[in-house]
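Undergrad: Dumping the structure here so I can ask a few things about it.
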C-alpha cells in the first residue's frame, strides 16, 4: 500500500541510518541506505572484510575478557537480558552459559562502539534471527533509536517493516478496492506465499543430497574460521553440525515416516473434528524472536502437547512439515507425534492450503498457514504475530498452560458467519503495514549495475521508515541528537 507522507519528511535529507548486513547483502544494504533519503548511511557487519564498520576485532577482544571473568552481565546488558538473548538464539543455546554470555556481552561492547561513532537515528536490517541483531536492537532501544526489520509481506509483491515481530503500521485505512483484491488473492486454496513456490522431489536421494551439501558447507566454514582465527563468528558457527537442531544421517528415514494413506482416515472424523498442524521451519526467527513467552519457544514440546490435547478430545490430527524443512527436520519430533493416537504425518508434497480446506481447526505458532486458515474460514489457533487482528478472527495461544483447554475453546467458538468481514479485517490489517516493492532484489544484486527494483525499494523504504519514526516520535529532531 502506498502511504502519503508530509512533504518535510519525504524531502528531509537529514539524519543517519545504520544498516546491519548479513552474508552477501552488504552491497545491497549499502545501496538501500544511499537511496533512503538520509544525509548519511553506514553499514555494520560481523563478517570478515565487510561493512563500513566491522565489529570482529572488538568482539574478539571483549569476548575473551568477559569469558575470563565468567561475566553474566555488564553496564550495557543486565543478567536477565543476557539470559533471554541466549535462550532465543539458535546458536548460543548450544554454546554453554559461560561462553554464550561472553559472546553476548562482547558483541554489545563492539556494537556500542559503532553506535557511538555513527550516532544513527534509525537502524534497519532483516528480521532479528540470532543474537547479534538482537543485541543491536537492545542497545538501540536503550538509546531511543528504533530498529526496523525489513522482510517480505504475505501479500505477493510487497514488503513490510516490523519491530520484534510486530507489524509496523501507519497512515489511513487502505482503499477498499485494494482490500478486495487482497482477499481475492489470498483467500484461495491455490495461494502460495512468494517465498514458498514450486514443487520439489521429496525422495531419499534428494534428502541425502541436501544433508551432504550442508555437512560439507559446515566443514568448509570451520576451515575458514580457523584461517581467519574467528572460530566464534556467528556466520561460521551457525553452519556447524554440533548444534542440537542439526539433522543426523539417521534422520534420512523421515521419508519413510509419512502416512501416504492419510486420506483414508478422513471419513471417520467430521470436518470440525479435524486439526491441521502446519510445522514451521525449525529453528525459526518467527518463533524464537516474535514470541514473548520463553515457554512457547520450546517448539517441539508445544507441538506434541497440542497434538496430544486434541487427540485426547477425539480429533484427527493432520501434521504437515514445511517444504523448506525437508533435509533439516530431525525424526525425533515426528516419532513423538506418530506415537499419539489419530495423528497422521502428511507427505511433504501435499498442498498445505488444500489441507486447510479439509480441517475445521488449524494450529501454527506464527506461520502463514495460520493466516490462510482464518481467511478460508477455519478456526485458526495462533500465537499473536504480525498478521493477527483480534479474537473475532483468531484463537490465541498466549500461555502454554492453556493448551489443554484449547480443544474445548475451539469447539465452543463459531466462525461460520461473517467470513467476508473477517477476510476484509485481516487483509486491511496487512495492507496498513505493507508496501509494494521488490524485496527479493537482494538476490544476485550487482553493485555495478543495481536493479531498478533495489533502487526503488530504497526510496520507498526511506519513506516508510521516516513515517514510522515521525509517528513513534523517534526522529533525530525529537531525541536531541545532531545529524
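Undergrad: I'd like to know if segment 130-139 contains one or more residues that are surrounded by fewer than 24 Cβ atoms within 10 Å (Cβ to Cβ) and over 20 Å from residue 26 (Cα atoms).
TA: yes
Undergrad: Tell me which residues, restricted to segment 10-28, are touching a residue at least 40 places away in the same chain (Cβ under 8 Å) and either buried (at least 18 other Cβ atoms within 10 Å of the Cβ) or in contact with a strand residue (DSSP E or B) (Cβ under 6 Å, 6 or more places away or on another chain) (or both).
TA: Within segment 10-28, 12, 15, 16, 17, 18, 19, 20, 21, 22, 25, 27, 28 meet the criteria.
Undergrad: Test of understanding: among 75, 70, which residue is at positive phi and either modelled with pLDDT under 95 or outside any helix (DSSP H, G or I) (or both)?
TA: After ruling out the rest, the residue left standing is 70.
Undergrad: I would also like to ask the following. Determine whether residue 371 is part of a helix (DSSP H, G or I), assigned by the TED database to the domain that holds residue 398 and buried (at least 20 other Cβ atoms within 10 Å of the Cβ).
TA: yes
Undergrad: Can you tell me how many residues within segment 431-456 are within 14 Å of residue 177 (Cα to Cα) and part of a helix (DSSP H, G or I)?
TA: So the answer is 1.
Undergrad: What number of residues within segment 78-103 are under 16 Å from residue 231 (Cβ atoms) and outside any helix (DSSP H, G or I)?
TA: 3
Undergrad: Can I ask one more? Do you know which residues across segment 396-405 are touching a helix residue (DSSP H, G or I) at 6+ places or on another chain (Cβ under 6 Å) and closer than 16 Å to residue 362 by Cβ?
TA: Listed by number, the list holds a single entry, 403.
Undergrad: Name the residue, out of 86, 110, 80, 102, that is modelled with pLDDT of 95 or more and surrounded by fewer than 17 Cβ atoms within 10 Å (Cβ to Cβ).
TA: It is 80.
Undergrad: Say whether the condition of being closer than 18 Å to residue 234 by Cα, assigned to a loop (DSSP other than H, G, I, E, B), assigned by the TED database to the domain that holds residue 112 and within 25 Å of the chain's Cα centre (by Cα) is met by at least one residue in segment 54-67.
TA: yes
Undergrad: Next up: Scan 473, 480, 453 and give me the residue that is under 30 Å from residue 30 (Cβ atoms) and at pLDDT 95 or above.
TA: Numbers: 473 fails: at pLDDT 95 or above; 480 fails: at pLDDT 95 or above.
Matching residue, one of 473, 480, 453: 453.
Undergrad: Taking helices (runs of 4 or more DSSP H) that fall entirely within segment 259-360, which contain at least 1 residues that are free of Cβ contacts under 8 Å to residues at least 60 places away in the same chain, buried (at least 18 other Cβ atoms within 10 Å of the Cβ) and over 23 Å from the mean Cα position of the chain (by Cα)?
TA: Values: elements: 285-288, 299-312, 331-338, 352-358.
Qualifying helices (runs of 4 or more DSSP H): 299-312, 331-338.
Undergrad: Ok, one more. Whether any residue in segment 116-135 is without any contact (Cβ under 8 Å) to a residue 60 or more places away in the chain and under 22 Å from the mean Cα position of the chain (by Cα) is what I want to check.
TA: yes
Undergrad: Check segment 145-162 and report whether any residue there is part of a helix (DSSP H, G or I), at pLDDT 95 or above and touching a helix residue (DSSP H, G or I) at 6+ places or on another chain (Cβ under 6 Å).
TA: No: zero hits.
Undergrad: I would also like to ask the following. Which residues, counting only those in segment 140-161, are in contact with a strand residue (DSSP E or B) (Cβ under 9 Å, 6 or more places away or on another chain), closer than 27 Å to residue 188 by Cβ and surrounded by fewer than 21 Cβ atoms within 10 Å (Cβ to Cβ)?
TA: Answer for segment 140-161, where residues must be in contact with a strand residue (DSSP E or B) (Cβ under 9 Å, 6 or more places away or on another chain), closer than 27 Å to residue 188 by Cβ and surrounded by fewer than 21 Cβ atoms within 10 Å (Cβ to Cβ): 151, 152, 157, 158.
Undergrad: Evaluate segment 172-187: report whether one residue or more is modelled with pLDDT of 95 or more, part of a loop (DSSP other than H, G, I, E, B) and at positive phi.
TA: Scanning segment 172-187 turns up no residue that is modelled with pLDDT of 95 or more, part of a loop (DSSP other than H, G, I, E, B) and at positive phi.
The values are calculated or read from the model by the stated rules, or taken from the named source; none is laboratory data. Predicted model, so just to flag it, every value in this text is computed and none were measured. No Cβ is skipped: glycine too gets one built from the backbone with ideal geometry, and neighbour counts run over all protein chains shown.
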